[in-house]
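The values are calculated or read from the model by the stated rules, or taken from the named source; none is laboratory data. As the structure is a computational prediction, the values presented were derived from the model and not from experiment. In this analysis, Cβ positions are derived from the backbone assuming ideal geometry, glycine residues included, and neighbour counts consider all displayed protein chains. Please note that ligands, DNA and RNA were not included when accessible areas were found on the heavy atoms of the full protein model with its side chains. Shrake-Rupley method; radii C 1.70, N 1.55, O 1.52, S 1.80 Å.
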Amino acid sequence: MRSRDLAQTALFAAIMVVLGFFPLIQLPGAFAPFTSQTLGVILAGAILGARRGALAILLFDVLVLVGLPVLPGGRGGLSVIMGPTGGFVLAYPLGALVIGFLTEKLWQRYNLAIALVINFLGGAIVLYAIGIPWMAVAAHISLAKAFTTSLVFIPGDVVKTVIGSLAAVAVRRAYPLIPSRA
């Protein structure tokens with residue numbers, strides 16, 4: 001891995017940490033808080049691509065696992081991972097990987113509409129597919145209850161998807177970090 005790749009990977013891990021400074025919003029009846037860090041997952045995958053984006057978010061997850069307080073509310077450590085929100089945090093690198101992979105595959109036609117679909121798929125659907133079952137097990141609730149309590153996050157995830165997609169399209173035009181695969 002080149003030094004530029006390492007710097008970009010570290011930068012996006014740092015962006016995830018900074019997004020953790022935004023206060024978490026605990027919604028009534030929800031087992032997980034609303035955070036801004038999903039936006040970092042979207043940006044890492046859409047701007048850096050699959051490999052570097054997933055590595056950046058994996059580095060962030062390592063920081064969480066070793067106990068650094070990098071999640072909103074100053075949370076971190078194995079207790080967070082083993083709790084109801086742990087599945088979402090562990091799914092972050094996979095979300096960035098999916099976003100990056102699809103962005104790379106569709107790079108020649110990449111536009112706002114494609115970015116919105118890709119980023120919602122990786123930044124919400126993939127995270128929900130792992131996080132909701134994890135939440136059900138960790139919180140000792142039914143899968144149906146975990147699913148229905150997670151529906152309140154969809155409007156916020158749509159907003160983060162739009163912001164991330166607008167940023168990704170702008171970066172692609174001004175300074176594409178993903179190499180063109182002609």
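Of the candidates 79, 36, the single residue that is of a type in the set (S, T, N, Q), over 14 Å from the mean Cα position of the chain (by Cα) and either closer than 18 Å to residue 150 by Cα or open to solvent by 60 Å² or more (accessible area, probe 1.4 Å) (or both) is 79. Selection of the range 87-128 for residues being surrounded by fewer than 18 Cβ atoms within 10 Å (Cβ to Cβ) and part of a loop (DSSP other than H, G, I, E, B) yields 106, 111.
For residue 163, indicate whether it is open to solvent by 60 Å² or more (accessible area, probe 1.4 Å) and either closer than 26 Å to residue 63 by Cβ or among the aromatic types (Phe, Trp, Tyr) (or both). For residue 163, the condition - open to solvent by 60 Å² or more (accessible area, probe 1.4 Å) and either closer than 26 Å to residue 63 by Cβ or among the aromatic types (Phe, Trp, Tyr) (or both) - is met. Within the range 126-147, the residues that satisfy the criterion of being within 20 Å of residue 93 (Cα to Cα) and out of contact with any Gly (no Cβ under 9 Å at 6 or more places or on another chain) are 128, 129. For residue 99, the conditions (1) touching a residue at least 12 places away in the same chain (Cβ under 8 Å); (2) over 23 Å from residue 8 (Cα atoms) all hold with the exception of (2).
Is there a residue being assigned to a helix (DSSP H, G or I), within 20 Å of residue 53 (Cα to Cα), of a type in the set (A, V, I, L, M) and out of contact with any Cys (no Cβ under 9 Å at 6 or more places or on another chain) anywhere in the range 172-180? The answer is yes, given that some residue of the range 172-180 is assigned to a helix (DSSP H, G or I), within 20 Å of residue 53 (Cα to Cα), of a type in the set (A, V, I, L, M) and out of contact with any Cys (no Cβ under 9 Å at 6 or more places or on another chain).
Here the condition is being closer than 19 Å to residue 101 by Cα and open to solvent by 10 Å² or more (accessible area, probe 1.4 Å); of 11, 65, 59, it holds for 59 alone.
Assess whether residue 22 counts as being open to solvent by 70 Å² or more (accessible area, probe 1.4 Å), out of contact with any Cys (no Cβ under 9 Å at 6 or more places or on another chain) and part of a loop (DSSP other than H, G, I, E, B). Spelling it out, residue 22 is indeed open to solvent by 70 Å² or more (accessible area, probe 1.4 Å), out of contact with any Cys (no Cβ under 9 Å at 6 or more places or on another chain) and part of a loop (DSSP other than H, G, I, E, B).
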